[in-house]
Amino acid sequence: MLENLNKEIISFKETAIMEIANFGRNREQITGHKVYPAWFGEGDASTSQIICDKSIDALNSGKTFYTYQNGIPELRLQLSKYMNEVFNINTKPEHHSVVNGGMMGLRLVCDLIVNSGDEVVLVGPVWPNIRSSVLLKKGKIKEISLKLNKNGWEIDFEDLLNSITSKTKMVFINSPGNPTGWIISKEQQELLLKHTRKFGCWLISDEVYHQITFNGLAAPSFLKFSKPNDRLIVINSASKSFDMTGWRIGWITHPEELGEHIAKLVQITTTGVPEFLQIGFIAALQNYKNITNDLRQRLKKSRDMMFDKLSTWNQVECSIPEAAFYAFFKVKGMDNSLEFAKKLIVETNVGVAPGIAFGESGEGHLRICFAAKEKFIQEIMSRLEPILNKN
Ligand SMILES: Cc1ncc(COP(=O)(O)O)c(C=O)c1O
């Protein structure tokens, strides 16, 4: 039956994060014992009431029809106000298109830019769906690896610049990064943008974690250094900063002339984000200071609680991330993170993401999402300690 389906899709492998989640869920069913899930990148708090209320009102007042492909004008206006205020830039509503989550943004951008055989430079370890989106378009990936040293995750910036040539179609940066929490500096952003300008390639910046920082400021955006004709697209999302993962709302910030082409792609994929959800998201943006302050406080507490332990454990090498909500750490002597993560499920009932899911440079590491309540973190850390802190 499968032989006359699309071979590319059939041969596509499930990510190692999904593999471990399925393993953990099966195990839970078979044994009847709870498996504590820390494999996905998702907070455990539900969306603020103020956002839900606005959406419910909109739903009750009949906002149940097809909507503009790039998003309703009120939301695009609010997005431009938000982005201009947070990054001290000067965008217009026409620079922002609303999409069904950052994931959809990634896919649309790859549809727009990547043809079979095109070279895409990306920095790893990186969230697997980014790599998959490029591979689905048959792009060829050239990967530059971050390195963990005593100052945290760092890039060999010269290496990154040198990897960009006249053959490069697109450079992909995810900062703050999933899984590492790496933040590209403003200076590097400015230099990299200049460099891509020189080669005429696209620079795609995934900034979905821009509000998840622990120094009180949003992480820097490439938009701060952009000129109107730059081939720069920034992908963003309501998911992480506003506890809205299940709403499936994101936005892309792009040169104005791309708007109509993005609209066509939205039309033939999801035909747009439901209007009552867009209206709820306007309330999120209007109240972003309170919402993100509260989120950062919660996350800082859980980060510190996790690293108070993790950084003292014998089998672990780690650095405390300044952004995003992941502990991504090296386990001494571990060379098969998928098998090790399965063993952790069997022996501790805790599910973590194996580093190999984030590319070859992620092997030897594990990722735990710390966007969780105190009790959950205490529970998983006490279960993991006998293995990760043994002598
Ligand atoms: C780096 C990165 N980009 C994009 C996304 C997509 O998020 P969403 O589709 O929920 O907006 C994620 C989600 O985990 C992510 O980690």
Kirkwood Rh and Cα-based Rg: tell me the resulting Rg over Rh for region 254-391, rounded to two decimals.
1.12
Whole-angstrom gap from region 303-325 to region 168-197, using each part's C-alpha centre
24 Å
Out of all DSSP beta bridges with both ends in region 49-287, state the antiparallel percent to the nearest 5.
35 percent
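Which of rounded, prolate or oblate describes region 4-151 when judged by the alpha-carbon gyration tensor and an a/c cut-off of 1.5? Write out the running numbers ahead of the final one.
Working: a/c = 1.61, a/b = 1.21, b/c = 1.33.
Verdict is oblate for region 4-151.
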Residue exposure sequence - Asp57, Asp308, Asp111 - by fewest surrounding Cβ within 10 Å:
Asp308, Asp57, Asp111
Taking a straight Cα-to-Cα line shorter than 16 Å from Lys54, and setting aside same-chain lysines fewer than 8 residues away, one finds Lys63
Among 232-238, 102-108, what's the highest-first ranking by average C-beta atoms within 10 angstrom per residue?
232-238, 102-108
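Rounded to the nearest 20 Debye, what is the dipole magnitude of the chain about its Cα centre when Lys and Arg each give +1 and Asp and Glu each give -1 at the C-beta? The partial results should precede the final answer.
Details: 46 positive and 43 negative charges, 29 e Å.
Taking the Cα centre of the chain as origin, the dipole is about 140 debye.
Ratio of alpha-carbon Rg to the 2.2 N^0.38 Å globular estimate for region 49-287, to two decimals, please.
0.99
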Exactly which chymotrypsin sites (Phe, Trp or Tyr not before Pro) in region 6-108 are in a DSSP loop and have at most 11 other Cβ atoms within 10 Å?
Phe65, Tyr66
If you keep only loop residues by DSSP, which trypsin sites (Lys or Arg not before Pro) in region 250-337 have at most 15 other Cβ atoms within 10 Å of their Cβ?
Lys332
Quick one: which residues, 5+ away or cross-chain, put their amide H under 5 Å from the amide H of Val123? H built at 1.01 Å from N.
Ile144, Phe172, Asn174
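Taking R0 as 45 Å, what FRET efficiency do you get between Ile268 and Asn391 from their Cβ-Cβ distance, rounded to the nearest 0.05?
Details: r = 58 Å, r/R0 = 1.30.
Approximately 0.15, to the nearest 0.05.
Quick check on the exposure proxy: order Cys201, Cys318 from fewest to most C-beta atoms within 10 angstrom.
The most exposed by this proxy come first: Cys318, Cys201.
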Given charges at Cβ of Lys, Arg, Asp, Glu: the chain dipole, positive-most of Ser337, Gly124, Thr15:
Ser337
At R0 = 45 Å, how high is the FRET efficiency between Leu217 and Ile30 if r is their beta carbon distance? Nearest 0.05 is fine.
0.45
Mark the label point 7 Å from the Cα of Ser46 along Cα→Cβ and return the residues of region 56-72 whose backbone N is within less than 18 Å of it.
56-60
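Mind running the shape call on region 175-226? Use the C-alpha gyration tensor, a ≥ b ≥ c as the square roots of the eigenvalues: rounded below 1.5 for a/c, prolate if a/b tops b/c, oblate otherwise. Intermediate results must be reported in sequence, preceding the final value.
Details: a/c = 2.47, a/b = 1.92, b/c = 1.29.
Judged from the Cα gyration tensor, region 175-226 comes out prolate (a/c at least 1.5, a/b above b/c).
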With springs only between Cα atoms under 10 Å, which of Ala357, Ala38, Ala283 fluctuates most in a Gaussian network model of the chain?
Ala283
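Would you please classify the overall shape of region 324-387 from the alpha carbon gyration tensor, given that a ≥ b ≥ c denote the square roots of the eigenvalues, rounded means a/c under 1.5, and beyond that prolate means a/b larger than b/c while oblate covers the rest? Don't jump to the answer; show the numbers that get you there.
On the way: a/c = 2.17, a/b = 1.35, b/c = 1.61.
It is oblate, given that a/c is not under 1.5 and a/b is not larger than b/c.
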Taking the dipole of the chain about the Cα centre (Lys, Arg +1; Asp, Glu -1; charges at Cβ), the one of Thr269, Ile233, Tyr288 that reaches farthest to the positive side is Tyr288
Across the alpha-carbon set of region 233-297, Rg over Rh with Rh taken as the Kirkwood radius works out to 1.02
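Sorted from fewest to most neighbouring beta carbons within 10 Å, what does the list Ser145, Ser133 look like?
Values: Ser145 16, Ser133 22.
Ascending Cβ contact count within 10 Å gives the list Ser145, Ser133.
Only the coordinates and a few stated rules stand behind these numbers; no lab work does. Computed from a predicted model, the values in this text were never measured in an experiment. For neighbour counting, all protein chains shown are included, and Cβ atoms are generated from backbone atoms with ideal geometry for every residue, glycine included.
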